[in-house]
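Asks: Here's a structure for you.
The values are calculated or read from the model by the stated rules, or taken from the named source; none is laboratory data. Note that this is a predicted model, so its numbers are computed, not measured. Virtual Cβ from ideal backbone geometry, glycine too; neighbours counted across all protein chains shown. The accessibility values were calculated without ligands, DNA or RNA, using every heavy atom of the protein model including side chains. Shrake-Rupley method; radii C 1.70, N 1.55, O 1.52, S 1.80 Å.
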Amino acid sequence: MLGRADAAFWHAQRCLEICTQHGIGDWDLAYAYEALARAHALAGDDEADQWKAKARTAGDAIANPKEREHFDEDYATLP
């Protein structure tokens, strides 16, 4: 949205690090991957599709149906 790929990378990577360090999955992990997909798409590099696929897999594993539906809506807006 703001066109700041460096900041987007930093925040997305930090979110993923926290999830990994603390064994956090579900909704948080799906959004960490989604954020990385957006950051890579913003930067215009080839890794966006890789992170998008990880986000989809993690999103499909979200236990709460309402949270999964919300994720699906956000996921649909990925470039």
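Asks: Counting pairs of alpha carbon atoms under 8 Å apart in space and at least six apart in sequence, what relative contact order in percent does the range 5-79 give? Working shown, then result.
Replies: Working: 89 pairs, mean separation 23.2, N = 75.
That works out to 31 percent.
Asks: In the chain, how does Rg compare with the Kirkwood Rh, expressed as the Rg/Rh ratio over alpha carbon atoms? Before the final figure, lay out the partial values.
Replies: Numbers: Rg = 11.9 Å, Rh = 12.4 Å.
With Rh from the inverse mean 1/r over Cα pairs, Rg/Rh is 0.96.
Asks: Comparing Asp46, Asp60, Asp28, which has the greatest mean-square fluctuation in the GNM of the chain with Cα pairs linked when under 10 Å apart?
Replies: Asp46
Asks: Shifting gears a bit: With a probe of 1.4 Å, find how much accessible area the chain has per residue, and write the answer as a whole number in Å². Mind showing how you got there, number by number?
Replies: Values: 5060 Å² over 79 residues.
So the chain comes to 64 Å² accessible per residue, rounded to a whole number.
Asks: Select from Ala55, Phe9, Leu78 the residue farthest towards the positive end of the dipole of the chain; place +1 on Cβ of Lys and Arg, -1 on Cβ of Asp and Glu, and compute about the Cα centre.
Replies: Value computed over the given set: Phe9.
Asks: Still on this structure, I have one more. Could you compute how much accessible surface Arg14 exposes when probed at 1.4 Å, giving the result in Å² to the nearest 10?
Replies: 90
Asks: Considering only protein heavy atoms and a probe of 1.4 Å, how much of the accessible area of the chain is carbon and sulfur, as a whole percent?
Replies: Ligands and nucleic acids excluded, carbon and sulfur give 54 percent.
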